[in-house]
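No lab work stands behind these numbers, since they all come straight from the coordinates. Note that the structure is predicted; figures quoted are calculated from it, not measured. Counting neighbours? That spans all protein chains shown, and the Cβs are built from the backbone with ideal geometry, glycine included.
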Amino acid sequence: MTESTAARKPRRSAGSKAAGTTGTKAAGTTGSKAGTGKRTTRTTSTTRNAAKKGSETELVQLLTPEGERVEDAAYAEYASYVADITPDELRGLYRDMVLTRRFDAEATALQRQGELGLWASLLGQEAAQIGSGRATREDDYVFPTYREHGVAWCRGVDPTNLLGMFRGVNNGGWDPNSNNFHLYTIVIGSQALHATGYAMGVAKDGADSGVIAYFGDGASSQGDVSEAFNFAAVYNAPVVFFCQNNQWAISESNEKQTRVPLYQRAQGFGFPGVRVDGNDVLASLAVTRWALDRARRGEGPALIEAYTYRMGAHTTSDDPSRYRHDDERAAWEAKDPILRLRRFLESANHADEGFFAELEAESETLGKRVREVVRAMPDPDRFAIFENVYADGHALVDEERAQFAAYQASFADAEGV
Ligand SMILES: Cc1ncc(C[n+]2csc(CCOP(=O)(O)OP(=O)(O)O)c2C)c(N)n1
Ligand SMILES: [Mg+2]
């Protein structure tokens, strides 16, 4: 697949609002500019439907790898969603990405030291996650996979809470309703259906919240994802499907998942799809704001394919050197999401030495806190696994608990010998 930043003309929306379905706001009325709390008025007449182009592949980019702003009329509608972004907000995005990367590196190290059972690194995907995460509004609801540490950060979930499950001391670690951030989902693609059902409920309630489902390129091959696309389209659900195409599903490359660029799948379901440079935080923010905004206006789902790269292993149990070459990683390193924003901040004089030094110190403090909290996590009660299986208990669970108790007791006998 080629990456292209060639100019494209905005096209009209596919008009995916199904007649008589949701009763939510009509197209072209007031939408919300997520993440800033501001309200803004937009019309849908120029809403772009990248999927219409058939086999042509296009990529929305607002910041080049060299850190230069892309001034392209073809992306004007998306760019309008970040037109009034302030230097302070740009530094905020940079800070989010740096701290997320630092947290991720610490978690990888903790796994290597035997403090975590497993870790799924987000290295390289910071811009896709921070851009889209910062596009969400407090009342929006997020359905993540197991890799959305940057989105969790944006939702205000304390990063240390993400680690309990990876240490094996709990089954989640946070209350999903506290931050409208669902528990990590490991069953690939299933959360696309959960998000769609939730979004259908939001529409039935007459609320103007948006819902966003994260999943990977590999998940796009799951039936659940196609079913979710179809339900969302038919019921005009206010859900954004955010696919991070990090090029790999463990050891399976993109070629094993799809014959067409993933964003173009949306066309067959009747809603717009856009491929965005997932290493460009500004473009990821803009496109996600656009998609959530139209969902809130009652214009239904959209698919965003964030074109990015998994710089590390699939998880700490994986060894990518067995199935991909180092030069591939090197090519993506040149498109690093953090470096390109730094270049932009520096060339635009939006950040000085003091800012970067302070952030480095803050990163170290975060790493230290993460280490301390993880090491202090108490082991769970060994019988806790039998709790919360059924609300009112179950004969089979009771039997298994008794068997386990007998097994545990057998060690006590051995110790006594
Ligand atoms: C239903 C299901 N099938 C298989 C697996 C095993 N599995 C775990 S991660 C993964 C690959 C997912 O790839 P992708 O969707 O691209 O996400 P990424 O890990 O790259 O972020 C697979 C097949 C699973 N967890 N769930
Ligand atoms: Mg993948």
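When the Cα atoms of the stretch 198-261 are aligned to their principal axes, the ranges along those axes come out at 42, 18, 16 Å in descending order.
Across 221, 190, 209, mean-square fluctuation computed from a Gaussian network of the chain (C-alpha pairs under 10 Å connected) peaks at 221. Most tightly packed first, judged by the mean number of other beta-carbon atoms within 10 Å of their residues, the peptides 328-334, 286-292 read 286-292, 328-334.
Each residue of the stretch 137-153 was assigned a 3J(HN,Hα) from its phi angle through the Karplus curve 6.51 cos²θ - 1.76 cosθ + 1.60 (θ = phi - 60°); the sequence is 9, 4, 7, 6, 10, 10, 10, x, 8, 9, 10, 8, 5, x, 5, 4, 4 Hz, with glycine and proline shown as x. Along the positive direction of the dipole of the stretch 30-375 (beta-carbon charges: Lys, Arg +1; Asp, Glu -1; about the Cα centre), which of 279, 70, 254 reaches farthest? Checked the options; the winner is 254.
Computed about the Cα centre, the dipole magnitude for the chain is approximately 1840 debye when only Lys and Arg (+1) and Asp and Glu (-1) carry charge, each at its Cβ. Counting Lys and Arg as +1 and Asp and Glu as -1 over every other residue whose Cβ lies under 12 Å from the Cβ of residue 113, the net charge comes to +2. Note on the chain: dipole from Cβ charges, positive end direction compared against 378, 363, 149; the farthest Cα belongs to 149. For the options 374, 202, 142, a Gaussian network treatment of the chain with springs between C-alpha atoms closer than 10 Å singles out 374 as fluctuating the most. Taking amide H as placed 1.01 Å from N in the peptide plane, the amide H of residue 252 sits under 5 Å from none that are at least 5 places away or on another chain. Of the residues 115, 362, the one with the fewest other Cβ atoms within 10 Å heads the list, and the complete ranking is 362, 115.
For the stretch 59-71, 3J(HN,Hα) computed residue by residue from phi via the Karplus equation (6.51, -1.76, 1.60; θ = phi - 60°) reads 9, 7, 9, 10, 9, 6, x, 7, x, 9, 5, 8, 9 Hz, glycine and proline entered as x. Separation of the stretch 114-192 and the stretch 204-222, taken as the distance between their Cα centroids, equals 14 angstrom. For residue 306, the residues 5 or more places off, or on other chains, whose built amide H falls under 5 Å of its own are 243, 244, 245, 276. Peptides 377-389, 69-81 ordered by packing proxy, namely the average of other Cβ atoms within 10 Å per residue, highest first: 69-81, 377-389. Residue-wise HN-Hα couplings along the stretch 300-310, as the Karplus relation 6.51 cos²θ - 1.76 cosθ + 1.60 with θ = phi - 60° gives them from phi, are x, x, 8, 10, 10, 9, 8, 7, 8, 8, 7 Hz; Gly and Pro carry x. Summarising the strand pairing of the chain, around 25 percent of its internal DSSP beta bridges are antiparallel.
Computed over the chain with a Gaussian network model linking Cα atoms closer than 10 Å, the most mobile of 214, 390, 323 is 390.
The simple spin-label model puts a point 7 Å past each Cα toward its Cβ; for residue 399 and residue 76 those points are separated by 7.0 nm.
Amide H contacts under 5 Å for residue 141: 210, 211, 212, restricted to partners 5 or more places along the chain or on a different chain, H placed in the peptide plane at 1.01 Å from N. In terms of other Cβ atoms within 10 Å, 154, 243 run from fewest to most in the order 154, 243. Taking only the Cα atoms of the chain, the ratio Rg/Rh comes out at 1.00, with Rh defined as the Kirkwood radius. When 352, 336 are sorted by how many other C-beta atoms sit within 10 angstrom of their C-beta, beginning with the fewest, the order is 352, 336.
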